[in-house]
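Chemist: This is the structure I want to talk about, given as structure tokens.
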Amino acid sequence: MIRREGKRLNKGGEKDRERERSGSRSGLTMRPGPIARNPHELYYLRMQRMREKTDKMEENKATRKLRVCVATCNRADYSKLAPIMFGIKANPDEFELEVVVLGSHLIDDYGNTFRMIEQDDFDIGSKLHTIVRGEDEAAMVESVGLALVKLPDVLHRLRPDVLVVHGDRFDALALATAAALMNIRILHLEGGEVSGTIDDSIRHAISKLAHYHACCTRTAEQHLIAMCEDHTRILLAGCPSYDKLLAAHHRDDYMDIIRNWLGDNVKEHDYIVALQHPVTTDIKNSIKIYELMLDALISFNKKTLVLFPNIDAGSKEMVRVMRKKGVEQHPNFRAVKHVPFEQFIQLVCHAGAMIGNSSCGVREAGAFGTPVINLGSRQTGRETGENVLHVRDADTQNKIYHALELQFGKRYPCSKIYGDGNAVPRILKFLQTIDLDEPLQKTFCFPPVKEWDISQDIDHILETQSALAVDLGGTNLRVAIVSMRGKIVKKYTQANPKTYETRMELILKMCMEAVIDAVHLNCRILGVADPGVELHRHPHPHL
């Protein structure tokens, strides 16, 4: 049926063309079709259509919202991601926000912290139970695998333009891996930093998977560039949590918050905040340091707020140590699973000291000048202010106790190493510059290296490696294409003009002619030499 109609159309078309030809022969005037338009008219029509198409693309690009998915895994990364989420939500004409919650947010033992996301009035698009309990190395691996099984369906349904991932957690590694394999652009926060444990390796792995970077310090930016990341896709933004803590830590009700968590008799700068996590690459030693820290705190005899460790391998053993020492029943201690970030800011800001190995001690606490005792190797390599006293070999209770004596009650100058309070506007502006029409494949900016002398390209192998020999003789000017073996491929000779200017013009003209001929002769010109100077050891007899 279709074939017969096609024949009928062809026959009709032939008849139309025949009538057109006969009409032109008979002098009849025919309405000009597209073929009859002159080339200039067709050119301008094509240009007009191209402009209209470009304008339409720009209009679509201007009206299209950037679909941003923010994935949060635990209480710590939410404190960094929440300011960005609020910023995206406040710009509905520019962005469309999707929120994915996974990891320890959904575990009762760690405070069910997903509820604070709901209290912040964010719509959670997906809740993924991805944690395999056990708190050991195998459980961490299994949790990554479980997240990789569940994430593809969620990402396929949400189809974000950009996935925002924070930090160095194993949950974040699963997010970055899934997004990279599904061709979703990744913005990684806080890449390029250096610390201890397996977190370093995970952080750098996420940086290599990510397409864009928002880092906190100039040193972190330089580290990313040294890792061959494209510097045009790196933003030095500062830490997003600083936007909130620098604006909100001067609250009038801070004493109410302190009393709520530590009791009515506690005074400002007369209590301690303790927060220590396992070191996954040295679990046994980190548990020992935790036990020594609790002993030192008990001896120091000050009111202390102790936060439960995170879900890393070894945390179960830490909790067991804490309960063995009766910390939860001790009158000087208050053990809690979670403190809302706004209140935690007040507690850290007005503490007499902070102790442990949390990144909060070397980052957020510096903004308040709170004295910090950093124990062990978990934060090794982090940039810190003068408020941090390191006890890397925390091998005795006495050493930790002495550090508490040195630090407790001091105040230090406020440090803004990790931010100035304007990270979120920078990150939002950076998101707006992302061109979704750019190739998704990321490029790596490798430093220049010496190329191989021997080319393996077939065109290079078949070419004759040659040089231009130029002889500025008294009578004649001579140029020759000479192979590497000394064979003259082609020679050019002209009488030497009398003036200098004419002589230079002629020799340049002869060289240009030789270069053009070299292409047709399949010769690669590697250099130019005077045979009497450069080749004086073996002057060619025919030049």
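Chemist: So, in the range 184-198, of the ones that are among the hydrophobic types (A, V, I, L, M, F, W, C) and part of a strand (DSSP E or B), which residue ends up nearest to Leu209 (Cα to Cα)? Break it down stepwise before answering.
Modeler: If we filter the range 184-198 for residues that are among the hydrophobic types (A, V, I, L, M, F, W, C), which is where we start, we get 184, 186-187, 189, 194, 198.
Pick out the ones that are also part of a strand (DSSP E or B) and you get 186-187, 189.
On the way: Ile186: 8, Leu187: 10, Leu189: 12 Å.
Among them, the one singled out is Ile186.
Chemist: I'm trying to understand the selection: among the residues of the range 132-165, which are among the small types (Gly, Ala, Ser) and touching a Leu at 6+ places or on another chain (Cβ under 8 Å)? If you could, list the steps in order and put the result at the bottom.
Modeler: As a first pass, look at the range 132-165 and keep what is among the small types (Gly, Ala, Ser): 134, 138-139, 143, 145, 147.
The one that is among the small types (Gly, Ala, Ser) and touching a Leu at 6+ places or on another chain (Cβ under 8 Å): Ala147.
Chemist: Give the number of residues within the range 149-190 that are of a type in the set (Gly, Ala, Ser) and closer than 16 Å to Leu81 by Cα.
Modeler: The total comes to 3.
Chemist: Kindly check whether there is at least one residue in the range 418-441 that is open to solvent by 60 Å² or more (accessible area, probe 1.4 Å), aromatic (Phe, Trp, Tyr) and either outside any loop (DSSP other than H, G, I, E, B) or over 23 Å from Pro83 (Cα atoms) (or both).
Modeler: Checked against the condition, which is being open to solvent by 60 Å² or more (accessible area, probe 1.4 Å), aromatic (Phe, Trp, Tyr) and either outside any loop (DSSP other than H, G, I, E, B) or over 23 Å from Pro83 (Cα atoms) (or both), the range 418-441 yields no hits at all.
Chemist: If a residue must be in a loop (DSSP other than H, G, I, E, B), hydrophobic (A, V, I, L, M, F, W, C) and surrounded by 17 or more Cβ atoms within 10 Å (Cβ to Cβ), how many such residues does the range 377-417 contain?
Modeler: 3
Chemist: Here are some residues: Gly167, Gly192. Which one is touching a strand residue (DSSP E or B) at 6+ places or on another chain (Cβ under 9 Å) and either free of Cβ contacts under 8 Å to residues at least 60 places away in the same chain or open to solvent by 10 Å² or more (accessible area, probe 1.4 Å) (or both)?
Modeler: Gly192
Chemist: Looking at Leu246, Leu173, which one is at pLDDT below 95 and outside any loop (DSSP other than H, G, I, E, B)?
Modeler: Leu246
Chemist: Next question. Restricting to the range 75-119, count the residues that are over 21 Å from Pro160 (Cα atoms) and part of a loop (DSSP other than H, G, I, E, B).
Modeler: Residues in the range 75-119 being over 21 Å from Pro160 (Cα atoms) and part of a loop (DSSP other than H, G, I, E, B): 4 in total.
Chemist: Just give me the residues in the range 221-243 being open to solvent by 40 Å² or more (accessible area, probe 1.4 Å), not in a helix (DSSP H, G or I) and not aliphatic (A, V, I, L, M), in sequence order.
Modeler: none
To keep it simple, each residue is scored yes or no on (1) of a type in the set (Gly, Ala, Ser); (2) at pLDDT 90 or above; (3) in contact with a helix residue (DSSP H, G or I) (Cβ under 7 Å, 6 or more places away or on another chain).
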site: Val482; (1), (2), (3): no, yes, no
site: Arg485; (1), (2), (3): no, no, no
site: Ala495; (1), (2), (3): yes, yes, no
site: Glu501; (1), (2), (3): no, no, no
site: Leu506; (1), (2), (3): no, yes, no
site: Cys511; (1), (2), (3): no, yes, no
site: Asn522; (1), (2), (3): no, no, yes
site: Ala529; (1), (2), (3): yes, no, no
site: Glu534; (1), (2), (3): no, no, no
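Chemist: Take the residues in the range 336-365 that are open to solvent by 30 Å² or more (accessible area, probe 1.4 Å) and not polar (S, T, N, Q); name whichever of them is farthest from the chain's Cα centre (by Cα).
Modeler: Of everything passing the filter in the range 336-365, Lys337 is farthest from the chain's Cα centre (by Cα).
Chemist: Among the listed residues Lys325, Lys303, Lys316, which satisfies the condition of being closer than 21 Å to Phe170 by Cα, among the charged types (D, E, K, R) and touching a residue at least 24 places away in the same chain (Cβ under 8 Å)?
Modeler: Lys316
Chemist: Among the residues of the range 271-311, write down those that are of a type in the set (Gly, Ala, Ser) and either in contact with a strand residue (DSSP E or B) (Cβ under 7 Å, 6 or more places away or on another chain) or closer than 30 Å to Leu106 by Cβ (or both). Write out each step before concluding.
Modeler: Restricting attention to the range 271-311, the residues satisfying the condition of being of a type in the set (Gly, Ala, Ser) are 274, 286, 296, 299.
Hits for the range 271-311 are Ala274, Ser286.
Chemist: What are the pairs, 6+ residues apart or on separate chains, where a residue within the range 252-266 that is acidic (Asp, Glu) has its Cβ under 8 Å from a residue that is open to solvent by less than 30 Å² (accessible area, probe 1.4 Å) and part of a helix (DSSP H, G or I)?
Modeler: Taking only residues 6 or more apart or on different chains, not a single pair turns up.
The values are calculated or read from the model by the stated rules, or taken from the named source; none is laboratory data. The shown structure was predicted, so the numbers you read here are calculated from the model rather than taken from an experiment. All Cβ positions, glycine included, derive from the backbone under ideal geometry; neighbour counts span all protein chains shown. Heavy atoms of the whole protein, side chains included, go into the accessibility calculation; ligands, DNA and RNA do not. Shrake-Rupley method; radii C 1.70, N 1.55, O 1.52, S 1.80 Å.
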